[in-house]
Amino acid sequence: MSLEYAIEYPCEMRRQFGESTLRALARTGSLISRMVNETIETSRSPSEESVQFTARFADDLEKTEQVASYCRAHCPANLEQEREARDVEDWPPIEAGVSESIGCLGRIRYPIEARFERFMADRLQLLYDTLDREEWPHLLHILIDSESPFDGEGTKELRRVTTAEGLRFYELRIPIPLAREAARLTTDHVFDLLAGFTASDGGASGYQRELPVMALPDYTKFLEALLISDLTEDERRRLSTQSASYTQFVRFTQAVRLAEKLGVRLLMD
């Protein structure tokens with residue numbers, strides 16, 4: 001299970017294949033990439049099942065490489081190329097298995113780790129406690145507003161879900177509450193905010209949620225303050241090593257920032 005996202009940049013590959021095909025290719029490529037990485041990390045020979053799976057999707061892999069080659073050469077929405085092109089000394093490293101072959105797409109895998117949720121709660125509390133109100137990113141004001149649309153109910157429902165395979169969306173069964181000025185908040189409110197808004201096209205793109213263009217600057221400032229700013233290099237590396245959720249949300253932050261730069265929506269589902 002994963003939350004998939006895409007920088008909706010118009011390009012030849014989107015015109016040729018369509019959004020749904022790009023998503024399907026990315027899922028296949030991601031799954032095979034994970035299988036290869038696990039084989040390398042464990043120093044084991046590929047299982048017969050993984051070999052058969054890879055052979056069955058050989059045509060899709062070839063098509064994925066065709067798209068990826070175009071992305072690397074021509075697409076300004078390619079997150080991997082954008083990361084290499086600019087100064088990223090203050091950004092944590094992106095670990096293997098988080099990058100995508102189709103560079104404008106990405107995913108955040110469930111379950112969201114308990115350690116990441118605790119980190120996020122601590123960081124959010126720190127922002128509320130140490131910054132003057134005038135310095136708060138705009139979304140901090142919206143979160144504590146009594147009329148905020150991010151009421152935490154959507155995330156609360158997801159916490160109750162356990163699939164037939166025993167999978168969960170969040171490792172923690174109850175959210176983490178905040179205190180003082182943020183006393184009305186729990187981490188459920190924050191995850192509701194990160195889930196964005198109902199897609200303005202009614203899901204015609206195949207994605208049911210979005211971050212609209214006008215909201216991207218606020219999300220960029222909020223996510224960078226929450227996940228990246230004022231961390232030492234050692235802290236960033238430790239978090240990247242210990243938490244897959246953290247690394248995936250850092251890449252999501254990069255996608256939000258690049259979508260803002262290009263003036264296009266970030267699609268989510």
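Inside region 117-171, residues that are touching a Lys or Arg at 6+ places or on another chain (Cβ under 9 Å) and closer than 19 Å to Leu3 by Cβ make up a count of 10.
Scanning region 1-30 for residues that are touching a Phe, Trp or Tyr at 6+ places or on another chain (Cβ under 8 Å) and assigned to a helix (DSSP H, G or I), we see that the one that is modelled with the lowest pLDDT is Thr28. In region 10-37, the residues that are more than 19 Å from Ala77 (Cβ to Cβ) never reach a residue that is modelled with pLDDT of 80 or more and assigned to a loop (DSSP other than H, G, I, E, B) with C-beta atoms less than 9 angstrom apart, at least six apart or across chains. Within region 87-105, at least one residue is of a type outside the set (A, V, I, L, M, F, W, C), at pLDDT 80 or above and out of contact with any His (no Cβ under 9 Å at 6 or more places or on another chain).
Within region 100-124, residues that are charged (D, E, K, R) sit with their Cβ atoms under 6 Å from residues that are assigned to a helix (DSSP H, G or I) and crowded, with 20+ Cβ neighbours inside 10 Å, at 6+ positions apart or across chains, in these pairs: Glu100/Ala26; Glu113/Ser245; Glu117/Thr187; Arg123/Leu226. When region 128-186 is filtered for residues that are over 26 Å from Leu216 (Cβ atoms), touching a strand residue (DSSP E or B) at 6+ places or on another chain (Cβ under 9 Å) and of a type in the set (Val, Ile, Thr), the ones remaining, listed by number, are Val161, Thr162, Ile174, Ile176.
Consider Arg180 carefully, then state whether it is touching a helix residue (DSSP H, G or I) at 6+ places or on another chain (Cβ under 9 Å) and over 30 Å from Leu22 (Cβ atoms). The answer is yes for Arg180.
Across region 189-236, the qualifying residues are those that are loosely packed, with under 14 Cβ neighbours inside 10 Å and among the hydroxyl-bearing types (Ser, Thr, Tyr), and the one among them that is farthest from Gln248 (Cα to Cα) is Ser200.
Residue by residue, here is whether (1) of a type in the set (Phe, Trp, Tyr); (2) free of Cβ contacts under 8 Å to residues at least 40 places away in the same chain; (3) within 22 Å of Arg159 (Cα to Cα) holds:
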site	(1), (2), (3)
Val190	no, no, yes
Ala204	no, yes, no
Thr232	no, yes, no
Tyr246	yes, no, yes
Val256	no, no, no
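When region 148-168 is filtered for residues that are in contact (Cβ under 8 Å) with a residue 12 or more places away in the chain, more than 22 Å from Leu185 (Cα to Cα) and in a loop (DSSP other than H, G, I, E, B), the ones remaining, listed by number, are Thr163, Leu167. Here Glu210 clears all of (1) assigned to a helix (DSSP H, G or I); (2) under 14 Å from the mean Cα position of the chain (by Cα); (3) in contact (Cβ under 8 Å) with a residue 40 or more places away in the chain except the condition numbered (1). The set of residues from region 169-181 being acidic (Asp, Glu) and either assigned to a loop (DSSP other than H, G, I, E, B) or buried (at least 19 other Cβ atoms within 10 Å of the Cβ) (or both) comprises just one member, Glu171. How many residues does region 237-248 contain that are in contact with a strand residue (DSSP E or B) (Cβ under 8 Å, 6 or more places away or on another chain) and surrounded by fewer than 21 Cβ atoms within 10 Å (Cβ to Cβ)? Adding up the residues that qualify gives 1. Checked against (1) more than 24 Å from Ile102 (Cα to Cα); (2) in a helix (DSSP H, G or I); (3) at pLDDT 90 or above, Arg184 passes all but condition (2).
The values are calculated or read from the model by the stated rules, or taken from the named source; none is laboratory data. Just so you know, these numbers come straight off a predicted model, no measurement behind them. Counting neighbours? That spans all protein chains shown, and the Cβs are built from the backbone with ideal geometry, glycine included.
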